[in-house]
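The values are calculated or read from the model by the stated rules, or taken from the named source; none is laboratory data. Everything quoted here is computed from the prediction, not taken from an experiment. Glycine gets a Cβ as well: all are built from the backbone with ideal geometry, and neighbour counts include every protein chain shown. Keep in mind that these areas ignore ligands, DNA and RNA; they rest on the heavy atoms of the full protein, side chains included. Shrake-Rupley method; radii C 1.70, N 1.55, O 1.52, S 1.80 Å.
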Amino acid sequence: GESVGLHLPTLSVQEGDNSIINCAYSNSASDYFIWYKQESGKGPQFIIDIRSNMDKRQGQRVTVLLNKTVKHLSLQIAATQPGDSAVYFCAENSPMDSNYQLIWGAGTKLIIKP
Amino acid sequence: GAGVSQTPSNKVTEKGKYVELRCDPISGHTALYWYRQSLGQGPEFLIYFQGTGAADDSGLPNDRFFAVRPEGSVSTLKIQRTERGDSAVYLCASSLTGTPRLDTQYFGPGTRLTVL
């Protein structure tokens, strides 16, 4: 989801279910994308990345899907666990803008219901 | 060290005071970043160091903000004449080379700055 002011989009999921977190990116020249997880009181932690020459990439319990046509990125978490509770950020990089800067999305808060 | 560390974890100061925030990156990482994060928002880029030099300080909001990394390791973010609007979590990250597509940025836990 996209942020509206200070209202952080929230996704509530039953423990054990799959979670899908969405992100719309802005720059069509971006060719590298990352998902970060940020737990309360901690810095962002790298989860998974994907380059624009791929549509899908899988990690351990996580899958990232990239749709370049509509500039959309999603993170799927399988069998969601209480430890998955966090704010999830997508970030993009375009070499045309900067080789090192990441442009961050607003974040989605994932809440796990027992 | 095992990861990026930042001190202090919390800093409360009064409007108009000077503060210093410290970042210890992962040993051997040449790239170091400072970000500022407000509640519910993604990190906002402030400055990027490659070794001892500030390769890009375009994110610093004004001349009250300054950062140094004199020996290419520890970095200090300095804020003069603090204002209430400076209240935020200041994050530091380091990476091996500085190119996101080549290596990961590792973040510290942040320093929560509160200006009263």
field: Solvent exposure, largest accessible area first (probe 1.4 Å, DNA, RNA and ligands not counted), of A:37, A:71
entry: A:71, A:37
Simple Cβ-charge dipole of chain A, Lys/Arg +1 and Asp/Glu -1, about Cα centre, in debye nearest 20: 100 debye
field: Residue-count net charge about residue A:28 - beta-carbon cut-off 13 Å; Lys, Arg +1, Asp, Glu -1
entry: -1
query: Accessible area lost on pairing A with B, both sides, 1.4 Å probe, Å² to nearest 100?
result: 1800 Å²
- prompt: Given a 1.4 Å probe and every protein chain left where it sits, what share in percent of the accessible area of region B:6-116 is carbon and sulfur?
  reply: 49 percent
field: Listed residues A:100, A:18, A:29: farthest to the positive end of the dipole of chain A (Cβ charges)
entry: A:18
query: Using +1 on the beta carbon of Lys and Arg, -1 on that of Asp and Glu, and nothing else charged, what's the dipole of the protein assembly as shown about the Cα centre, debye to 20?
result: 320 debye
Exposure rank, largest accessible area first [A:88, A:100; 1.4 Å]: A:100, A:88
- line: With residue A:82 itself left out, Lys, Arg at +1 and Asp, Glu at -1 over residues whose Cβ is under 13 Å from its Cβ give -3
- line: Which of A:42/A:71; A:42/B:78; A:42/A:68; A:37/A:113; A:37/B:11; B:17/B:78 exceed 20 Å between C-alpha atoms? The answer is A:42/A:71; A:42/B:78; A:42/A:68; A:37/B:11
- prompt: So what does residue B:12 come to for accessible area, using a 1.4 Å probe and Å² rounded to 10?
  reply: 90 Å²
- line: Around residue A:67 (Cβ within 12 Å, Cβ-to-Cβ, excluding residue A:67; K/R +1, D/E -1) the net charge comes to +2
statement: The Cα radius of gyration of the protein assembly as shown, divided by 2.2 N^0.38 Å with N its residue count, comes to 1.02
- request: Give me the distance between the Cα centres of region A:61-103 and region B:86-108, rounded to whole Å.
  value: 16 Å
message: Using a 1.4 Å probe on the protein heavy atoms only, what accessible surface does residue A:96 show? Give it in Å² to the nearest 10.
response: 150 Å²
- request: Can you tell me the FRET efficiency between residue B:76 and residue A:26 if r is taken as the Cβ-Cβ distance and R0 is 35 Å, rounded to the nearest 0.05?
  value: 0.60
- request: Would you mind working out the magnitude of the charge dipole of chain B relative to its Cα centre, with +1 at each Lys and Arg C-beta and -1 at each Asp and Glu C-beta, to the nearest 20 Debye?
  value: 320 debye
message: Just to check I understand the Karplus step: with θ = phi - 60° and J = 6.51 cos²θ - 1.76 cosθ + 1.60, what whole-Hz values come out for region A:72-81, glycine and proline as x?
response: 10, 10, 9, 10, 10, 10, 8, 6, 4, 10
Per residue value of the accessible surface for the protein assembly as shown (all protein chains in place, 1.4 Å probe), Å²: 49 Å²
task: Find the relative contact order for chain B and round it to a whole percent, using C-alpha pairs within less than 8 Å whose residues are 6+ positions apart.
output: 36 percent
task: Would you mind calculating the relative contact order of chain A from Cα pairs under 8 angstrom and at least 6 residues apart, reporting the percent as a whole number?
output: 37 percent
- prompt: Can you run phi through the Karplus equation (6.51, -1.76, 1.60; θ = phi - 60°) for region B:93-98 and list ³J(HN,Hα) in whole Hz, with x for Gly and Pro?
  reply: 9, 9, 8, 5, 10, x
field: For q = 0.13, 0.20, 0.23 Å⁻¹, Debye-computed log10 I/I(0) when each Cα of region B:5-115 counts as one equal scatterer
entry: -0.43, -1.02, -1.33
message: With only alpha-carbon pairs counted, each pair once and no self-pairs, how large is the Kirkwood hydrodynamic radius of chain A in angstroms?
response: 14.3 Å
